[in-house]
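Colleague: Pasting in a structure now, in structure tokens, and then I'll have a few things to ask.
The values are calculated or read from the model by the stated rules, or taken from the named source; none is laboratory data. Here the structure is a predicted model, which means the values were calculated and not measured. Every residue, glycine as well, gets a Cβ built from its backbone with ideal geometry; the counts of neighbours run over all protein chains shown. These area figures cover heavy atoms from the full protein model, side chains too; ligands, DNA and RNA do not enter into them. Shrake-Rupley method; radii C 1.70, N 1.55, O 1.52, S 1.80 Å.
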Amino acid sequence: MNIAKHERQEPDAGGMRILVTGGAGYIGSIAVEMLANEGYTVVVYDNLIKGHKEAVDPRARFVEGDLADLPLVESTLRDNNIQAVMHFAAHSLVGESVEAPGKYFNNNVCAGLTLIEAMIRTGAKMLVFSSTAATYGMPESVPIKETDSTVPINPYGESKLAFERMLKWFDEAGDLKFVSLRYFNAAGASDNFGEVHDPETHIIPIVLQAALGQRPQVQIYGDDYPTPDGTAIRDYIHVEDLAQAHILALGWLAEGGESRIFNLGNGSGFSVKEVIDTACKVTGREITAQVGPRRAGDPPVLVASSEEIATSLGWKPKYPGLEEIIKTAWEWQQTHPLGYE
Ligand SMILES: NC(=O)c1ccc[n+]([C@@H]2O[C@H](COP(=O)([O-])OP(=O)(O)OC[C@H]3O[C@@H](n4cnc5c(N)ncnc54)[C@H](O)[C@@H]3O)[C@@H](O)[C@H]2O)c1
């Protein structure tokens, strides 16, 4: 590949110029909002396959396009003099990835490689990657640490790990620096943007849909786990805390920090029953739950340690408690019962 030399201009007074891939999606939209709040100049690149145009903060420029379209990614980076990329665009349904692995490797690895190529061609040298704790597979201990082994148990986790591994080699070649953030369940909403997935597979919006009467009940997959109440324990992080971690990672790279991989977790996690009980309390409504059998491959506890990012980048969640997280999600769900429609 010929890599054209590109003379970079100085950044605007508006701060660094960032491309956010997947910025019309759930986490990306809130990262864009927070970047704009902090004075960054933001361009959103999204093909709207899952995202929503209404979720793009009006302060950002929007380019509708696919990551696999190298000329468009390259011209978007070049024309906007982009210095760094936050990469959220991906497919992210675990079950679907098991049935259609090719779809996941194509988008999460091949299209991701196109993005890297475009960055190299235009001289954008910093990437913050939205990875996943699914890269670890079955945890060897909890809370999961960055040094634990990575043995994904589904193509989604494998595709994210493959992309991380590619990043390492581009770093060694001197092409870019990256921070990869591995986390489990994003949850909650900001004042303006929230979670709208179709299909919705995440427990908090599902439970709140049941509270709104949009679903008859909530399914609990197993209550015979070796946990205090028998239901599985999972890690939930408020979406604004996630976005803040991405912004801290950007700052780290902008100051010349080395490439790093960090976990984002909330320490002890919360059980499925705790989520449902807290949602009942927050909403003041009855939520019917039905207990069914365990799902294959679901471990009893999935919680990540964020000691490393707390120490290195000073990340401290603003919403460590489940009740605060669910309150913001409930606010969003009530004001947007049909999502962005
Ligand atoms: N939601 C979570 O709990 C969670 C947990 C861990 C990791 N992640 C990761 O965070 C990222 C964002 O997750 P989300 O929940 O906001 O997902 P989302 O589906 O709401 O957003 C992803 C966005 O990327 C866009 N997109 C996908 N493929 C694209 C392509 N080829 N070209 C251009 N745009 C494309 C979609 O249209 C969508 O707007 C994903 O990479 C996901 O793997 C999410």
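Colleague: I need the full set of residues from the range 50-82 which are more than 10 Å from the ligand (Cβ to nearest atom) and touching a helix residue (DSSP H, G or I) at 6+ places or on another chain (Cβ under 6 Å), in order please.
Modeller: Once the filter is applied, which keeps residues that are more than 10 Å from the ligand (Cβ to nearest atom) and touching a helix residue (DSSP H, G or I) at 6+ places or on another chain (Cβ under 6 Å), the range 50-82 yields 57, 59, 60, 70, 74, 77, 78.
Colleague: Mind listing whichever residues of the range 22-44 are more than 12 Å from the chain's Cα centre (by Cα) and in a helix (DSSP H, G or I)?
Modeller: 32, 33, 34, 35, 36, 37
Colleague: If you check residue 103 against the conditions, is it at pLDDT 95 or above, near the ligand (Cβ under 7 Å from one of its atoms), among the charged types (D, E, K, R) and under 27 Å from residue 199 (Cα atoms)? Spell out how you get there, then give the answer.
Modeller: On the way: at pLDDT 95 or above: yes; near the ligand (Cβ under 7 Å from one of its atoms): no; among the charged types (D, E, K, R): yes; under 27 Å from residue 199 (Cα atoms): yes.
Answer is no for this residue.
Listed here are the residues, each with its yes/no results for (1) within 22 Å of residue 128 (Cβ to Cβ); (2) in contact with a helix residue (DSSP H, G or I) (Cβ under 7 Å, 6 or more places away or on another chain).
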residue: 183; (1), (2): yes, yes
residue: 207; (1), (2): no, yes
residue: 216; (1), (2): no, no
residue: 220; (1), (2): no, yes
residue: 226; (1), (2): no, no
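Colleague: Collect the residues in the range 142-170 that are β-branched (Val, Ile, Thr) and either more than 14 Å from residue 183 (Cα to Cα) or within 14 Å of the ligand (Cβ to nearest atom) (or both), keeping them in residue-number order. Before the answer, list the steps.
Modeller: The first filter runs over the range 142-170 and keeps only residues β-branched (Val, Ile, Thr), leaving 142, 144, 147, 150-151, 153.
Within the range 142-170, 144, 147, 151, 153 qualify.
Colleague: Can you name the residue in the range 294-320 that is among the small types (Gly, Ala, Ser), in contact (Cβ under 8 Å) with a residue 40 or more places away in the chain and not in a loop (DSSP other than H, G, I, E, B) and, of all such residues, is nearest to residue 138 (Cα to Cα)? Spell out the reasoning first.
Modeller: Start the filter on the range 294-320 by keeping residues that are among the small types (Gly, Ala, Ser), which leaves 296-297, 304-306, 310, 312, 314.
From the residues that got through so far, the ones that are in contact (Cβ under 8 Å) with a residue 40 or more places away in the chain too are 297, 304-306, 312, 314.
Okay, now just the ones that are also not in a loop (DSSP other than H, G, I, E, B), so 304, 312.
Values: 304: 12, 312: 26 Å.
Ranking the candidates gives 304 first.
Colleague: Could you list all residues from the range 45-60 that are assigned to a loop (DSSP other than H, G, I, E, B) and out of contact with any His (no Cβ under 9 Å at 6 or more places or on another chain)?
Modeller: Answer for the range 45-60, where residues must be assigned to a loop (DSSP other than H, G, I, E, B) and out of contact with any His (no Cβ under 9 Å at 6 or more places or on another chain): 47, 48, 51, 52, 56, 57, 58, 59, 60.
Colleague: Which residues, counting only those in the range 206-258, are touching a Phe, Trp or Tyr at 6+ places or on another chain (Cβ under 8 Å) and in a loop (DSSP other than H, G, I, E, B)?
Modeller: 231, 232, 235
Colleague: Right, another one. Condition first: part of a loop (DSSP other than H, G, I, E, B), open to solvent by less than 60 Å² (accessible area, probe 1.4 Å), aliphatic (A, V, I, L, M) and away from the ligand (no atom under 11 Å from the Cβ). Can you find one or more residues in the range 194-205 that meet it? Can you show your working first?
Modeller: Residues of the range 194-205 part of a loop (DSSP other than H, G, I, E, B): 194-202.
Pick out the ones that are also open to solvent by less than 60 Å² (accessible area, probe 1.4 Å) and you get 194-196, 200.
Then keep just the ones that are aliphatic (A, V, I, L, M); that gives 196.
If we keep only those that are away from the ligand (no atom under 11 Å from the Cβ) too, we end up with none.
Checked the range 194-205: no residue is part of a loop (DSSP other than H, G, I, E, B), open to solvent by less than 60 Å² (accessible area, probe 1.4 Å), aliphatic (A, V, I, L, M) and away from the ligand (no atom under 11 Å from the Cβ).
Colleague: Enumerate the pairs (first residue in the range 247-265 and more than 21 Å from residue 173 (Cβ to Cβ); second residue anywhere and part of a helix (DSSP H, G or I) and open to solvent by 50 Å² or more (accessible area, probe 1.4 Å)) with beta-carbon separation below 7 Å, excluding pairs fewer than 6 apart on the same chain, so at least 6 apart or on different chains.
Modeller: Correct list of pairs: 262/308; 263/308.
Colleague: Turning to a different aspect of this structure: Using beta carbons and a limit of 8 Å, which pairs, at least six apart or on different chains, have the first residue in the range 89-100 and of a type in the set (S, T, N, Q) and the second one open to solvent by less than 50 Å² (accessible area, probe 1.4 Å) and part of a loop (DSSP other than H, G, I, E, B)?
Modeller: Close Cβ pairs satisfying both conditions: 92/132; 97/91; 97/154.
Colleague: Which one of these does residue 125 not meet: (1) on the phi < 0 side of the Ramachandran plot; (2) touching a residue at least 60 places away in the same chain (Cβ under 8 Å)?
Modeller: Going through (1) on the phi < 0 side of the Ramachandran plot; (2) touching a residue at least 60 places away in the same chain (Cβ under 8 Å) one by one, residue 125 breaks only (2).
Colleague: Further, regarding this structure: Filter the range 268-293 down to the residues that are basic (Lys, Arg) and either surrounded by 21 or more Cβ atoms within 10 Å (Cβ to Cβ) or touching a residue at least 60 places away in the same chain (Cβ under 8 Å) (or both) and list them by number.
Modeller: The one that is basic (Lys, Arg) and either surrounded by 21 or more Cβ atoms within 10 Å (Cβ to Cβ) or touching a residue at least 60 places away in the same chain (Cβ under 8 Å) (or both): 285.
Colleague: Show me the helices (runs of 4 or more DSSP H) entirely contained within the range 61-163 in which 2 or more residues are among the hydroxyl-bearing types (Ser, Thr, Tyr) and open to solvent by 50 Å² or more (accessible area, probe 1.4 Å).
Modeller: Details: elements: 70-79, 94-99, 101-105, 112-122.
So the answer is none; nothing clears 2.
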